Amino acid sequence: LYGGVIHVYGGTPPASADAAVTPSELLGTITTDGNLFIPVYDPHSAGLAVQFAPPVSLINVGTWILRAEQSGLATWFRWRWSYEDPLTASTYYPRLDGSIGTDFDLLVLPTQTLELGYTYPIDSFLLTLQDTV
């Protein structure tokens, strides 16, 4: 997922990251510095970077900005890779889904109510990996 972007959605999340999304529920995209993301080529260096934080976490690198593409209540996100992804049902594409909130969710935003054209800084993103063994 390194170099990919996070799409922010409203509505009910799909059952898994392998399921399709409803394009009309896309509220915005999180990129580096709020830059425009173009898959594969990424001429604006918009893809997101993370770094390892021992013992089992990843934290954001650089300034992550959510740019609202429509107004609505943000409820979940999908982190997708830097190559093309049609966001249809597939087990091929690397993706990670998670909940959005203002407290104890995977992605915490300053507000869940997004307004078209506004930008929202992501102060921090911390993903902790669970040991499944």
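For P43, which of the numbered conditions (1) in contact (Cβ under 8 Å) with a residue 24 or more places away in the chain; (2) farther than 18 Å from L1 by Cβ fails to hold?
If we test P43 against (1) in contact (Cβ under 8 Å) with a residue 24 or more places away in the chain; (2) farther than 18 Å from L1 by Cβ, just (1) comes out false.
Quickly run through region 77-114 and pick out the residues that are open to solvent by 80 Å² or more (accessible area, probe 1.4 Å) and at pLDDT 90 or above.
Y83, E84, T91, Y92
Only one residue in F52, F125 is of a type in the set (A, V, I, L, M, F, W, C) and more than 18 Å from T29 (Cβ to Cβ), so which one is that?
Matching residue, one of F52, F125: F52.
Can you work out which of the residues in region 23-37 that are open to solvent by less than 70 Å² (accessible area, probe 1.4 Å) and assigned to a loop (DSSP other than H, G, I, E, B) is nearest to R67 (Cα to Cα)?
Within region 23-37, the match that is nearest to R67 (Cα to Cα) is G34.
Name every residue in region 41-69 that is more than 17 Å from the chain's Cα centre (by Cα), among the aliphatic types (A, V, I, L, M) and open to solvent by 40 Å² or more (accessible area, probe 1.4 Å), in order of residue number.
Within region 41-69, V56 is the sole residue that qualifies.
Being at pLDDT 90 or above and more than 14 Å from F125 (Cβ to Cβ): is that true of G3 here?
It is true that G3 is at pLDDT 90 or above and more than 14 Å from F125 (Cβ to Cβ).
Taking region 46-73 as the search range and keeping residues that are modelled with pLDDT of 95 or more, of a type in the set (G, A, S) and assigned to a loop (DSSP other than H, G, I, E, B), which one is nearest to G10 (Cα to Cα)?
Looking at residues that are modelled with pLDDT of 95 or more, of a type in the set (G, A, S) and assigned to a loop (DSSP other than H, G, I, E, B), I get S71.
The values are calculated or read from the model by the stated rules, or taken from the named source; none is laboratory data. Worth saying up front: this structure is predicted, and the values here are computed from it rather than measured. When we count neighbours, we look across all protein chains shown, and the Cβ atoms used for this are built from the backbone with ideal geometry, even at glycine. The protein model used for the area step is the full one, side chains on, heavy atoms only, and it has no ligands, DNA or RNA in it. Shrake-Rupley method; radii C 1.70, N 1.55, O 1.52, S 1.80 Å.
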